[in-house]
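First the structure, in the form of structure tokens, and then the observations on it.
Since every read-out is calculated from the coordinates, none of them should be taken as a lab result. No experiment lies behind these values; they were computed from the predicted model shown. Cβ: placed from backbone, ideal geometry, glycine included. Neighbour counts: every protein chain shown.
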Amino acid sequence: MRSKGINYSLALLLGVGAFGLTACGGGDGDSARLSQTVDASKNGIVETAIAANDGYVHIKGSRQFDLIGKDAAGKETNLNSKATWTLNDKTLGSVKNGLFTASGQAGSNLVLTASYAGIVKEQLITLSDANLTNITISHASGAVDVCKNTQFIAKATFNDGKDYDYPLTWTVDAASTGLASFADATKPDLSTRKSGEIKVTATGKDNTDKSVPSNELPFSISKTLTKLTLASNRELSMRQGQTATITATGEYQNGSTANITPNVNLTSGTPSALTVGASGLITAVSGSQSGTDVTLTATCDDTTQTLVIKILKPEIRTMEIVSANSETATESLSVSIGSSITPRIKVTYADSTVNAEVYNSNDVEWAIDSTSPDYDESNITIDTATGKLTIDEDLSLAQSLTLVISARIKTSSGSTATGSNGTELKDTIRITINR
């Protein structure tokens, strides 16, 4: 490893401060350096170093290099994502946040440079085309609780006697694919779904493209799950278009708990109303005014849990009273003695893609707001839930009588609800009673 750190430059930059650096230029390099200098000042970093390594990388593989910063007290900070990483020959590979990936071409004198706030560190990389000869895989314990993830270890041996970070493909035996799988076959992270015994293999390709398989490693997925619990990050009622995240928590025989959402099979009992996506994401697709109940079912191994989600129409924007036979708003209606009339409510929704419609929920309250001296409450009644106005045939009128009828949508506390446009959800209409 070679270094040309410039600690004096860093000290000078920190002394000047962020405002004194604004004249350094407007290029990307200047912007990065300014950001790094501010960060170094904030965290008191006075020196950097690339973590010790032998610098060897296989031309088919990759290697993570780490830039470590230290403050005056010796406290270390990983600077991989903050440093500026470059290569002297981009045809031989690429680097991002310290992760060098070879391009597959043999070469020499490849220099990796990590710059941070005026300190420059260099790393000599030696590219190898050694031939893969053997792969050995292992696991720390040989078992994992069902519905949890676990990681394996691989050691790839080459004809030069060195070990490299080398591309491998991870698989489970064909008979066990229903029990567990590697979500990304290039990574040794196993996801389990059912208990049982499986066999794991890692395979690489040598320089002649011949497959080199590892040992077949027996592995146990323990039947230790005792309980599943489901929870949502919002109320158990959702409006059309809303999303929520469901979390599945597993409880195990030893009393421990774990978030096992990625491992459970989560299904919607009514996909037309509620859909299930990756990582427990659910989306309300279609609901009703009173709410459509949808049962979510989570299963892992032999343990199942359900959660009921109510899907509602979108938030109401406005409401108005209409007649029993029309959905067009009107200022007045008429009814005769000895008969009845049932006005209705029409609502519009905050979601413009959902059509306006007659509202039939149970949170509506109707009332007679005002009357005239001829009003006879014993012969004129209104159903406060449905709005049905009934005129008894015994009502005696000298002339026509006009009433004002009101309707409102209530909240759970009994107050008048507010629409998405900020106005109260209420309306009135005149009804004339004719002789």
By average C-beta atoms within 10 angstrom, highest first, the peptides 89-99, 241-251: 241-251, 89-99
Estimated FRET transfer efficiency when R0 is 51 angstrom, pair residue 290-residue 175 (beta carbons, to 0.05): 0.55
Sequence of 193, 430 once ranked by neighbouring C-beta atoms within 10 Å, starting from the fewest: 430, 193
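Roughly what percent of Cα-Cα pairs across the stretch 225-312 reach past 20 Å? Kindly include the intermediate steps, with their values, before the conclusion.
Working: 1167 of 3828 pairs.
Percentage above 20 Å: 30.
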Over the stretch 351-432, relative contact order from alpha-carbon pairs under 8 Å, at least 6 apart, %: 29 percent
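To the nearest µm²/s, what D does Stokes-Einstein give for the stretch 24-103 at 10 °C and 1.306 mPa s, using the Kirkwood radius over alpha carbon pairs as Rh? Could the numbers behind the result be given before it?
Working: Rh = 14.0 Å.
My calculation gives 113 µm²/s for D.
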Cα coordinate range in the chain, projected on the principal axes (Å, largest first): 112, 65, 41
Cα Rg, Dmax (largest Cα-Cα span) when computed across the stretch 132-222, Å: 13.3, 41
Förster radius 22 Å - calculated FRET efficiency between residue 211 and residue 159, Cβ distance, rounded to 0.05: 0.85
Cβ-derived FRET efficiency at R0 25 Å, residue 384 paired with residue 357, nearest 0.05: 0.70
For peptides 45-57, 393-405, sequence by mean Cβ density within 10 Å, most packed first: 45-57, 393-405
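Would you calculate, for the chain, the mean residue ellipticity at 222 nm contributed by helices, counting each DSSP H stretch of 4 or more residues as -39,500 (n - 2.57) and dividing by all residues, to the nearest 500?
Details: 2 runs with 26 residues, N = 435.
Mean residue ellipticity at 222 nm (helix-derived): -2000 deg cm²/dmol.
Give me the percent of DSSP beta bridges within the chain that run antiparallel, rounded to the nearest 5.
90 percent
At 0.36 nm per residue, and after removing the present C-alpha to C-alpha distance, how many nm does the segment from residue 396 to residue 365 gain when stretched out fully? Mind dumping the intermediate values first?
Numbers: separation 31, 0.36 × 31 = 11.16 nm, distance 2.77 nm.
That works out to 8.4 nm of additional length.
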For peptides 220-227, 275-282, sequence by mean Cβ density within 10 Å, most packed first: 220-227, 275-282
